[in-house]
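K.L.:
Got a structure for you, questions after.
The values are calculated or read from the model by the stated rules, or taken from the named source; none is laboratory data. Nothing here was measured: the structure is a model prediction, and the numbers come from that model. Cβ coordinates were reconstructed from backbone atoms using ideal geometry, including for glycine residues, and neighbour counts include every protein chain displayed.
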Amino acid sequence: MRFSKYGLVALFFLTPFNGVSAAELVVLSSIGVQEAMQDLANKYEESSHHKVKLVFGTASALQRRISSGENFDLAILTPATLHVLTEQGKIVVGTETNIARSGMGLAIRAGAPRKPIRNTAELTSALLSARSIAYTRQGASGEQFLKLLDRLRITDQVVPRLVDATPVGGKAGELVASGKAELAVQLINEVQSVKGIELLGPFPPEVQHYTVFAAAISRTAQDALAAKGLLYYLSSPEAKSAFKAHGQEPIPEK
């Protein structure tokens, strides 16, 4: 595998040398980057000879686990969640690094009738006409969806028909695939990872919300240098290409 200058920095920190043994890095990661991280972890293990143990969950669930004292080396969560954990002394100050972002969309069962959601009026119509809508209440997308319902002033009409996907791991699309919901509110990149569903469309630009995912190092990391190397790698051009291949976007340059 070829590495850019970022990849070479990562290898400098992570490749075992001078008799130093390989590390096992425990990464607590939001399900919002699950597909890309599984790909990247495999490639990184091949390149560095270190091991990457991925543990996935919703941002809020992982926050509770970290706050309760669970050991880890790197966390991939939303910036807001990492900020709370930094204030709790769980994250090394200054290590938070934005690595990718995902927009929100609606998913339907494959082959189901389609209706346009090109603007706010069409999106509102689709939400009001759906018999059931799956979402992840404890996930970043679910929190934003509830705020959107308030903004559209349709909370009272829609909430009774919401189906929370949190108990099944936050995969709202799987409830649509199994026929337990008509629509799913999902991060766009997550839709392509669920068999039996398809993207009805992204939220219209005027109400679109991007969930940013950031990585940061644990204050109790077993191998701080190894964790730092993996953090560098997740910001590399190779990693950005992997996130893009899995339906996510790079963080816009400031």
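So that you can scan it fast, the table gives a plain yes or no per residue for (1) outside any strand (DSSP E or B); (2) under 26 Å from Ala61 (Cβ atoms); (3) in contact with a Lys or Arg (Cβ under 9 Å, 6 or more places away or on another chain):
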| site | (1), (2), (3) |
| --- | --- |
| Arg114 | yes, no, no |
| Arg118 | yes, no, no |
| Ala121 | yes, no, no |
| Ser125 | yes, no, yes |
| Arg137 | yes, yes, no |
| Leu148 | yes, yes, no |
| Val159 | yes, yes, no |
| Pro167 | yes, yes, no |
| Asn189 | yes, yes, no |
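K.L.:
Of all residues in the range 139-191, which are on the phi > 0 side of the Ramachandran plot and among the hydrophobic types (A, V, I, L, M, F, W, C)? Give the steps one after another, and end with the answer.
P.N.:
Taking the range 139-191 as the starting set, the residues that turn out to be on the phi > 0 side of the Ramachandran plot are 153, 169-170, 179.
Listed by number, the list is empty, since nothing qualifies.
K.L.:
Quick one: which residue in Val191, Val176 is at pLDDT below 95 and of a type in the set (Val, Ile, Thr)? Step through it out loud before you land on a result.
P.N.:
Numbers: Val176 fails: at pLDDT below 95.
Within the list Val191, Val176, the selection yields Val191.
K.L.:
Of all residues in the range 149-170, how many are touching a residue at least 60 places away in the same chain (Cβ under 8 Å) and buried (at least 22 other Cβ atoms within 10 Å of the Cβ)? Reasoning before the result, please.
P.N.:
So the first thing to find is which residues in the range 149-170 are touching a residue at least 60 places away in the same chain (Cβ under 8 Å), and the list is 166, 169-170.
Okay, now just the ones that are also buried (at least 22 other Cβ atoms within 10 Å of the Cβ), so 170.
Adding up the residues that qualify gives 1.
K.L.:
Filter the range 31-64 for residues that are farther than 29 Å from Asp164 by Cβ and charged (D, E, K, R); which is surrounded by the most Cβ atoms within 10 Å (Cβ to Cβ)?
P.N.:
The qualifying residue surrounded by the most Cβ atoms within 10 Å (Cβ to Cβ) is Lys43.
K.L.:
Which pairs turn up if I take residues in the range 50-68 that are outside the structural domain of Ile91 (by TED's automatic domain parsing) and over 21 Å from Leu230 (Cα atoms) and look for partners that are modelled with pLDDT of 90 or more and of a type in the set (D, E, K, R) with beta carbon separation below 8 Å, at least 6 apart in sequence or on another chain?
P.N.:
Pairs that qualify, where the first residue is outside the structural domain of Ile91 (by TED's automatic domain parsing) and over 21 Å from Leu230 (Cα atoms) and the partner is modelled with pLDDT of 90 or more and of a type in the set (D, E, K, R): there are none.
K.L.:
Looking only at the range 117-163, count how many residues are farther than 29 Å from Ala80 by Cα and polar (S, T, N, Q).
P.N.:
Count: 4.
K.L.:
Somewhere in the range 233-245, is a residue of a type in the set (A, V, I, L, M, F, W, C), surrounded by fewer than 23 Cβ atoms within 10 Å (Cβ to Cβ) and part of a helix (DSSP H, G or I)? Let's see the steps before the verdict.
P.N.:
First pass over the range 233-245, keeping only residues of a type in the set (A, V, I, L, M, F, W, C): 234, 239, 242-243, 245.
Right, trim to surrounded by fewer than 23 Cβ atoms within 10 Å (Cβ to Cβ) and you get 242, 245.
Going one step further and asking which of them are part of a helix (DSSP H, G or I), we end up with 242, 245.
Looking through the range 233-245, at least one residue is of a type in the set (A, V, I, L, M, F, W, C), surrounded by fewer than 23 Cβ atoms within 10 Å (Cβ to Cβ) and part of a helix (DSSP H, G or I).
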